[in-house]
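Reviewing the structure listed below.
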Amino acid sequence: MIRTVKEFRSWRARFCYSPKGKKAMDKMKRLRQGDNEFPYGNLESSVLSACFQASKFEVAKHNLDSRRRIAGMQFPVSSISKNGKPSHIARNSMILYLTTFFRFYTSDESTYDFVGKKVPSFGEAQSGVVADFVNAVFDNDKFDEGSIDRLIQRLSDVRLAHWKYSQ
């Protein structure tokens with residue numbers, strides 16, 4: 001646990017001071033907060049935590065569990081391919097989580113229950129900010145607002161779940 005905390009602190013410092021990470025964080029700071037009880041500090045820690053988890057996720061060490069969950073996502077039976085693992089799991093999970101956090105932050109509703117639900121329809125999606133975070137965490141990806149929107153639409157039947165860790 002202590003090693004993970006130290007690793008997160010080191011990763012957060014590198015991320016926040018990298019040019020792409022700083023750009024994403026600056027855009028997130030300019031978001032309009034809705035009439036809810038989700039303060040900016042919680043948004044920032046939730047977003048950085050989701051980015052860290054996605055950056056450290058190793059597909060080879062994880063499999064779908066009995067409920068079709070992996071990397072914070074629960075898939076419907078119809079979307080599982082023959083090999084048992086969807087592609088780009090960590091990146092797609094991060095996109096869904098960031099979209100959900102930004103929707104909660106910008107909404108005028110004050111509900112926080114998102115695990116086991118699909119991406120909410122209230123609030124503002126902030127696809128441009130999500131794209132900046134994806135491009136900062138995954139250097140090989142080049143996402144823009146349109147590609148984030150298309151990916152969210154394609155993953156509309158996926159539900160959010162708790163991240164599970166295995167050593």
Query - Pairs beyond 21 Å (Cα-Cα), from K27/K56; K6/K56; K20/K142 - result: K27/K56
Report task. Calculate, in nm to one decimal, what C16 and V59 gain on full extension: separation in residues at 0.36 nm each, minus their alpha carbon distance. Result -> 13.0 nm
Query - Relative contact order (%) - the stretch 2-160, alpha-carbon pairs under 8 angstrom, separation at least six - result: 28
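Computed from the coordinates by the stated procedures, all read-outs in this text should not be read as laboratory data. Note that the structure is a prediction, hence the values are computed from the model and not measured.
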